[in-house]
Every structure is written in structure tokens, then in C-alpha cells.
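Here's the structure we're looking at; comments come further down.
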Number of protein chains: 2
Amino acid sequence: MELANRIFFKLYQCANMLHKTGSRAVQDEGLTTQQWAVLGALSRPEAAQGMGVGELARYLMVSRQNLSGLITRMTRDGHIEMSTDGRDRRSRLIVMTESGRHVWMDLAQPKIKAYYEQALQDFSMGDMAHTLHYFLKLLDNMEKIDQKIPESEEDDGHHGVPEI
Amino acid sequence: MELANRIFFKLYQCANMLHKTGSRAVQDEGLTTQQWAVLGALSRPEAAQGMGVGELARYLMVSRQNLSGLITRMTRDGHIEMSTDGRDRRSRLIVMTESGRHVWMDLAQPKIKAYYEQALQDFSMGDMAHTLHYFLKLLDNMEKIDQKIPESEEDDGHHGVPEI
DNA sequence: AAACATATGTCAACATGTTGTCTTATTCTA
DNA sequence: TAGAATAAGACAACATGTTGACATATGTTT
């Protein structure tokens, strides 16, 4: 399994470098790699009405508690705000503010575009398609590992009294 | 750059899942994904004599300050220990302890092997080779981005008086 | 209505990651 | 030898990530 070992070590290094270089690319806008992911998620047409907290946490694949801190900081910075969902009053929708949209579209996007171009230097269209394909496959397998937990069915919350 | 966008978002998700599922795979041994990377680095024949702090930080692509905390915890847990380098007395060599080697070889390795098998489910030998190739290429580009900093040449330290 | 499920908030403890600053040893070099 | 570079340690501030536990409000089902 020497190949497997090298793959995961490189993935680990890639993760560290993405965090470092990605955050550095948008630091002038007061953003980080994670906040960039949040704004990216909220800027999708599918999320035009906003996204619930749990929904966004699942989408980004981070814990609800972790996202909570992110939301606090981004609300403080005026990038996003919460609004209540009319249909389900338990849900609170996270939406981009006008200021957030400006920061994202006008300030961050050019930096991100430049970052992508450098990070994917010498990648052909086919290379990119293959890379994405392997990422999707890897992610799929890791999600299966994640769900393969016998006790406490996948998430938190108290699903009724545990029969003592 | 829609493809680029998807690639980096998947990389971000992969990083989160590697952290989560990897740490969970070795939690019974009291390890985390990062500590697993450290032990993996130290168990290589090239590192038989140990590795310096800065050397290991560069190898793992993390900051010296971050590695410092990791070292403290792993020393506390008895997995590693520091020894002085005879050749360069500024350097301190990080080496695995007997206990650390046991935890790594006998306890963690079987779990890691199983993890690799699940995470690389349905990857052919060729798929793995390609995946590794794209990771290496991506990492190479990100390293170039990292080094492309005009001021404060790449690392910390005081390189003489900065001409006031 | 009562029980259960869902959606979120909050607090805590901990491990990782970054940057910046300052100090102390060494070693290398002009 | 003096100065510069290198290797580490230590501290701080901050952002991210995890898990666990407990509270609260609101839907849904029986």
C-alpha cells in the first residue's frame, strides 16, 4: 500500500497548502479559505433564497458547531445575515448581504480566478476533468467511511429516550 | 473556471473528511491524522536517525510553531522524544520511542491499511497512479504560489537588521 | 395531546493551522 | 573576531476543525 500512503500524505499536504495559500490570496478582503467556501456556496443560484445552517454545514462537510463560529465572524464582518424561513420557523436562512455580494463578486473573484490559474498551471481541460473525477470518487468513499458508524446514527441530537 | 471552482471545493471537502475520518480511524490508539503523518515521516528509513524540527515542519508543510504543539503532545504521550544532534548542536532530533514504534507498527498500521482500502475502494492501480500524479502537480503549483512572496523571504527569523 | 423528530443555539475541551514577535544558542563567513 | 545566518523555544492572537452535552423551539405522527 505504498501508493495509498503517498496519495494520502499528498492529500494532507495539499490541504495544508490550500489553507495557507488560499487564505493568503483573499486576505486583503478579510476572508479566509473557509469563508470563501461559504460565500461560494451562498452565491450559487440554487441558494438564491439562502441556506439553512444545517444544510450549509452538510454542504461544506463541517460540523454545525464549527459553522456556527464561522457565521458569527462573517455576520460581524457584514458579509452575511440571518433571516427566518417562512415555511419552517425552526430554520434560519443564511443569506449574503449586499456588502458581502460586493466583496465576493468585485473584490474576491478576481483574486480567486488568478489563484485558480496559478494552482492549475499546466493542467489541460482533460487533466482538470480527471482530477475532479478522482476527488469525487475519493470523497464518495470517505463519506461512506464517515457514515459507517454503528452507534449514534450519524449526527447529534437526542432521538428520544435511549431505552435506559 | 467552473471546473477549477469545483476542483478546489472538492479538495476542501476532502481535507475536512480526511481530518475527520482519518482521526477516527486511529483514535483508539490516541492518535490523530496529523500525528499519524508525523509517525509516518519518522518511520521512514531515511529518518532512521531522527529529523530536525524545521526539517519535519518543511516535510509536513506546516509551520514550525504548529509542529511545536504537536511535538509537545506526542512527547507527553510517549510516542516520540528529542535528542541532540552530534554534528549540529543547534539542531534537536525528533525520534520515535520504542513505545511509539510499537503503537505505530503494531496497533495503528492495521487500522491505516484498512482505512486506505476503504478510501481507495474501486481505485485501480492506474487510478491511484493518476491520482497521485495530479496531487503532486497540484502541490507543486501551490508550493510555487507559496514561495511567490516578495517581502519577508519565505520564512521567519531576523535576517540581519532591515536597514531601518 | 403526547411523543418523537428536526433545526438551532450554546458552552466546553481539545487538536490543528496561521501569522507575528522576541530570545537564545550555535555555526558559518567575510 | 565580528557579523550574519540558522535552528529552536516561547508567547500571543486568531481562525478552523472535532466531539460531547444540554437547552429550546417548532414540526410531525400517532
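When A:Arg92 is tested against (1) within 13 Å of DNA strand C (Cβ to nearest atom); (2) modelled with pLDDT of 95 or more, exactly one condition is not met: (2).
Could you give me the residue pairs with C-beta distances under 9 Å whose first residue belongs to the range A:53-73 and is within 14 Å of chain B (Cβ to nearest Cβ) and more than 7 Å from DNA strand D (Cβ to nearest atom), whose second residue is of a type in the set (S, T, N, Q) and not in a helix (DSSP H, G or I) wherever it lies, and which are 6+ apart or on separate chains? Matching pairs, first to second residue: A:Ala57/A:Ser63.
Restricting to the range A:97-112, and then to whatever is closer than 22 Å to A:Tyr59 by Cβ and surrounded by fewer than 19 Cβ atoms within 10 Å (Cβ to Cβ), can you tell me which residue is farthest from the other protein chains (Cβ to nearest Cβ)? Filtering first and then ranking leaves A:Thr97. For the range A:115-131, the set of residues classified as part of a helix (DSSP H, G or I) and of a type in the set (Ser, Thr, Tyr) consists of A:Tyr115, A:Tyr116, A:Thr131, listed by residue number. Of all the numbered requirements in (1) more than 12 Å from chain B (Cβ to nearest Cβ); (2) surrounded by fewer than 22 Cβ atoms within 10 Å (Cβ to Cβ); (3) near DNA strand D (Cβ under 10 Å from one of its atoms), A:Leu31 misses one, and that requirement is (2).
The values are calculated or read from the model by the stated rules, or taken from the named source; none is laboratory data. If you're wondering where the values come from, they're calculated on a predicted model, not measured in any experiment. Please note: Cβ atoms are built from the backbone with ideal geometry, for glycine as well, and neighbour counts cover all protein chains shown.
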